[in-house]
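The values are calculated or read from the model by the stated rules, or taken from the named source; none is laboratory data. These numbers come from a predicted model, not from an experiment. As a convention, Cβ positions derive from the backbone with ideal geometry for all residues, glycine included, and neighbour counts pool all protein chains shown.
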Amino acid sequence: MTTHISPEQLAGAIVAPATLYVCLTCRQPGDEDAEPRAGARLHAALSEAATAQATGLTVVGVECLSNCKRGCTAALTSPGRWSYIYGDLDPATSPQSILDGARRYQSTTDGLVPWRERPEIFKRGVIARLPAFLQPGAAS
């Protein structure tokens, strides 16, 4: 069961480690020839902000996440939690909202953040939700 976490509680919450995979090869409409690519710019902005804010979030750049029609794309995961893939992320305007959503995700036991508590980009940008992977031999 997921419990409601207020912004005040979230500010002092202990967060579990999580990983945010950011597609480095993503492009955005209108900047097809831009270098660095939009995905690489998003990765750089998220890495810098996550480090500065000591979020406990590991930001990893990866090659293509195969969501080219809805780039920029990122995947959020943590052991024992549901994982998410998000698209339509903007390197200039999304980083703080992504970090807010990741922090809320990290504050859950199962990765299920109540709908009303999700940042808007996580509501409209969700591509997929994947169940937590079970360890071999674990009960289902």
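Taking the conditions exactly as written (touching a strand residue (DSSP E or B) at 6+ places or on another chain (Cβ under 9 Å) and of a type outside the set (Val, Ile, Thr)), does Ala54 satisfy them or not? In short, no. Sub-7 Å Cβ pairs linking a first residue in segment 45-65 that is among the charged types (D, E, K, R) to a second residue that is buried (at least 20 other Cβ atoms within 10 Å of the Cβ) and not in a helix (DSSP H, G or I), at least 6 apart or interchain, are Glu63/Leu24, ordered by first then second residue. Out of all the residues in segment 38-48, is one or more farther than 21 Å from Lys123 by Cα and in a strand (DSSP E or B)? No.
For Glu8, state whether it is modelled with pLDDT under 90, among the charged types (D, E, K, R) and outside any helix (DSSP H, G or I). The answer is no for Glu8.
Residue pairs whose Cβ atoms lie under 8 Å apart, separated by 6 or more positions or on different chains, with the first residue in segment 15-35 and within 12 Å of Asp90 (Cβ to Cβ) and in contact (Cβ under 8 Å) with a residue 40 or more places away in the chain and the second charged (D, E, K, R) and in a loop (DSSP other than H, G, I, E, B), are Cys26/Arg37; Gln28/Asp90. Restricting attention to segment 61-70, the residues that are at pLDDT 95 or above and either crowded, with 19+ Cβ neighbours inside 10 Å or among the β-branched types (Val, Ile, Thr) (or both) add up to 1.
Within segment 71-85, restricting attention to residues that are of a type outside the set (A, V, I, L, M) and touching a Cys at 6+ places or on another chain (Cβ under 9 Å), the residue that is surrounded by the most Cβ atoms within 10 Å (Cβ to Cβ) is Cys72.
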